[in-house]
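Please treat every number below as a calculation from the coordinates, not as lab data. These numbers come from a predicted model, not from an experiment. Please note: Cβ atoms are built from the backbone with ideal geometry, for glycine as well, and neighbour counts cover all protein chains shown.
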Amino acid sequence: MEVAMERSLNEILAYPFDSEMLLRKQRSIKRGLLKSNVNYIKKRIALLGGSTMADVKNLLEIFLLHAGIQPEFYVSEYNKYYEDSVFTNNALDAFQPEFVFVFTSMVNLLYKPELEDDSMVVQQKLQTEYERYEMIWTNLSEKYHAIVIQNNMELPYCLPLGNLDNILLQGIQRFIEALNEKFATYAREHQNFYVHDIHYLAAQIGLEKWHNRFQYHAYKFAVNYDVVPVVAKNMAKIIKSVLGKSKKCLVLDLDNTLWGGVIGDDGVENLQLGYETPQAEAYTEFQLYVLNLKKRGVLLAVCSKNEIDIAKSGFKHPDSVLKLDDFVCFKANWQPKNLNIQEIAKEINIGLDSLVFIDDNPAERQLIRDILPEVAVPEVDVTDVFSYIRAIEGNGYFEAVTISKDDLKRNEAYMENKKRVELQQNVASYDDFLQSLNMEAEIEEFKDVYFDRIAQLTNKSNQFNLTTRRYTLADIERMTMDDRYITLYGRLKDKFGDNGLVSVVIGEIKGKALHINLWLMSCRVLKRGMEQAMLNVLIEKAFSLGITKLVGYYYKTEKNKMVRELYNEFCFVLAEQNEENTIWTLDLDKDYQKQNHFIRVKEI
């Protein structure tokens, strides 16, 4: 029953969805989501609106619950976003938001250009309008250390100057474009601040559908009531990405998905790829889109019913944008696709809920939905290749709020890991394998250059994660500056390449004890000794501060069973047990034997 409910809700909330039905049944959908057995991440979200926000809040809650995030909301009174941000608000102060969404739009512009304004007056109005928002963001950041998300401005429902509106400085279109550029510049230069791009969203939906002036004057809806679900889903994409809820791997069918035609029947030479026909161009454009996902860190895999040699030959087509080495995993055989997808997740070492599966065959799509409901399987139209792109974009599967160097190197890192596996299979013992890797670690206190990656790891790592506490970028910054915390990151490289930042430890000092609030590690470096190296450095830091005891916590989740006995393996003593949650202690007054024998810790 629960699997059927999960499947039904997945389908109801997947893009493209029925907006009218979502608005009509929002209460029953919320009840269904709350009945599911989910370990929700709980977050406090303030919505400061320049328009009526009730239904935006309700739909945002639904999309967040579906992503495993349970929000608690503070919603400003109508059009009180500036007052709530800049002046004292006891209720908001008590709420202490972790996210603040400033939901304004072009209806909230106070300083608009007039035709009689000269260029100096227009620039002064633009700067005054921008500074009003900058004051909002600065105050919110200083008071709450929260993630701030700001709508940019959509275009108006009419242009008084016609085509000149985008040319003359006095044009409202030109004014909005200039203001949006200032918002974007601020976002590039400030951490913990993101722009919700309603400018693009309104254009995508269509300005005639976006604006409903009667609804605005009657109910103060800044956007047409009918498009509220799309707006709420777009808002949820950003919050999900900040909290590490974006997907990691795109699994692709081949025939009539990455190319037109059936490779086994038509042969390589007759595949629809290239620029000779509209259909061929469409598949080429989809491949270009997929390649761009890979470039920014999305893993690619193939799942095809085919002979493997025949399947691979398709990438020898002279117009194939994608090549074999773009894929971290390649499954082409005749076994059911659900088995192949499970093997892909296992080989890459990520959860099924990190996968997105694109297949032109409706029967194959439904098979995965029925058997593996954790896998995202959007509905696509085989007659419209661009529906594949719309499905990925509309659902925001791979939404990113930042793109780090580690993201850009992710596919390379997984390819390097394949070489490590091959080496392991050809040495006499596991110790010999570890010794042969020639590993070197960099283990230091948090640095601002790594804040994004650290926050990303705290929200994405589930298996080697003893407490699964989630931290935002603002939390990371705060703890780094607080002497009550010991914060460590760990990078690991070996002869095959740099694994990047793979481990994080956060300890809180209470008296003479250090409480390990968070200890996590990327699964791709499991069993290499990195956990021992991190513990060694943590103990050294603790010793230097006069700490005499470590206190470690294990909180059971569905995914972190692999570390249930980690503290026991490191000679901690079980101090308390509540069902399967445990607390462990290590007395530092006693001799601790270092356990890392294979990793050289770099001196910095």
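For a quick check: sort Trp137, Trp584 by the number of other beta carbons within 10 angstrom, fewest at the front.
So the residues, fewest neighbours to most, are Trp137, Trp584.
Using the number of other C-beta atoms within 10 angstrom as an exposure proxy, rank Cys249, Cys329, Cys571, Cys523 with the fewest first. Can you show the working numbers first?
On the way: Cys249 25, Cys329 21, Cys571 13, Cys523 18.
Lowest to highest Cβ neighbour count: Cys571, Cys523, Cys329, Cys249.
What FRET efficiency comes out for the pair Asp448/Glu269, r = Cβ-Cβ distance, R0 = 60 Å, nearest 0.05? Don't skip to the end; give the middle numbers.
Working: r = 54 Å, r/R0 = 0.90.
Computed FRET efficiency for Asp448 and Glu269 comes out at 0.65.
Using only alpha carbon pairs under 8 Å that are at least six residues apart, calculate the relative contact order of the stretch 427-601 and give it in whole percent. Kindly include the intermediate steps, with their values, before the conclusion.
Numbers: 317 pairs, mean separation 42.5, N = 175.
Relative contact order for the stretch 427-601 comes out at 24 percent.
Under the classification rounded if a/c is under 1.5, otherwise prolate if a/b is larger than b/c and oblate if not, where does the stretch 234-307 fall, given a ≥ b ≥ c as square roots of the Cα gyration tensor eigenvalues?
prolate
Considering all alpha-carbon pairs of the chain, what whole percent are spaced by more than 30 angstrom?
Numbers: 108209 of 182106 pairs.
When all Cα pairs of the chain are counted, 59 percent exceed 30 Å.
Nearest 0.05, what FRET efficiency do Leu110 and Thr402 give at R0 = 41 Å with Cβ-Cβ as r? List each step's numbers first, then the result.
Working: r = 31 Å, r/R0 = 0.76.
Efficiency, from the Cβ-Cβ distance: 0.85.
Given 0.36 nm per residue, what is the gain on full extension from Thr557 to Ala363 after removing their alpha carbon distance, in nm? Before the final figure, lay out each step's value.
Working: separation 194, 0.36 × 194 = 69.84 nm, distance 3.31 nm.
Value of the extension gain: 66.5 nm.
Taking R0 as 30 Å, what's the FRET efficiency between Lys419 and Asn333 from their Cβ-Cβ distance, rounded to 0.05? Numbers along the way, then the final one.
Details: r = 24 Å, r/R0 = 0.79.
After rounding, the FRET efficiency stands at 0.80.
Let's see if you can work this out: charge +1 on each Lys and Arg Cβ, -1 on each Asp and Glu Cβ, no other charges. What is the dipole magnitude of the chain about its Cα centre, in debye to the nearest 20? Intermediate values should be presented prior to the final figure.
Details: 72 positive and 87 negative charges, 310 e Å.
My answer is approximately 1480 debye.
Hey, what's the Kirkwood Rh for the stretch 47-144 if you take every pair of different alpha carbons, in angstrom?
On the way: mean 1/r = 0.0661 Å⁻¹.
Here the Kirkwood hydrodynamic radius works out to 15.1 Å.
For the residues Arg27, Arg470, what sequence is obtained by ranking on other C-beta atoms within 10 Å, fewest first?
Details: Arg27 10, Arg470 22.
Ascending number of Cβ neighbours within 10 Å: Arg27, Arg470.
For the pair Leu159/Gln342, report the inter-label distance in nm, with labels modelled 7 Å from Cα in the Cβ direction.
Label at Leu159, label at Gln342, 5.6 nm between them.
Could you work out how far apart the two model spin labels at Asp18 and Asn139 are, taking each label as a point 7 Å from the Cα in the direction of the beta carbon, and quote it in nm?
So the label points at Asp18 and Asn139 sit 4.4 nm apart.
With N denoting the number of residues in the stretch 2-242, provide Rg(C-alpha) divided by 2.2 N^0.38 Å, to two decimal places.
Working: Rg = 18.7 Å, N = 241, 2.2 N^0.38 = 17.7 Å.
Its radius of gyration relative to the 2.2 N^0.38 Å reference: 1.06.
Please sort by residue number the trypsin sites (Lys or Arg not before Pro) in the stretch 286-352 whose DSSP state is loop and whose Cβ has at most 10 other Cβ atoms within 10 Å. Don't skip to the answer; put the middle values down first.
Values: sites: Lys294, Lys295, Arg296, Lys305, Lys312, Lys316, Lys323, Lys331, Lys337, Lys346; in loops: Arg296, Lys323.
Sites meeting the loop and neighbour criteria: Lys323.
Which order, highest average first, do 380-391, 146-157 follow once you tally other Cβ atoms within 10 Å for each residue and take the mean per peptide?
Details: 380-391: 17.1, 146-157: 22.4.
Per-residue mean Cβ counts within 10 Å order the peptides as 146-157, 380-391.
5 Å is the cut-off here: which amide hydrogens, built 1.01 Å from N in the peptide plane, fall below it relative to Lys549, excluding neighbours closer than 5 in sequence?
Leu514, Leu588
Amide H to amide H, which residues 5 or more places from Leu518 or on other chains are under 5 Å from it, using H placed in the peptide plane?
Ile506
Would you give the gap between the C-alpha center of the stretch 358-407 and the C-alpha center of the stretch 89-147, rounded to a whole Å?
Using only Cα atoms to place each centre, the spacing works out to 36 Å.
When a/c reaches 1.5 or more, the comparison of a/b and b/c decides; with that in mind, is the stretch 473-604 rounded, prolate or oblate per its Cα gyration tensor? Each step should come with its number before you reach the end.
Numbers: a/c = 1.33, a/b = 1.18, b/c = 1.12.
The shape class here is rounded.
Of Lys247/Lys556; Lys182/Lys220; Lys248/Lys405; Lys561/Lys590; Lys405/Lys447; Lys30/Lys460, which pairs sit farther than 19 Å apart, going by alpha carbon to alpha carbon? Mind dumping the intermediate values first?
Numbers: Lys247/Lys556 23 Å; Lys182/Lys220 26 Å; Lys248/Lys405 16 Å; Lys561/Lys590 29 Å; Lys405/Lys447 15 Å; Lys30/Lys460 25 Å.
Going by Cα-Cα distance, Lys247/Lys556; Lys182/Lys220; Lys561/Lys590; Lys30/Lys460 fall outside the 19 Å limit.
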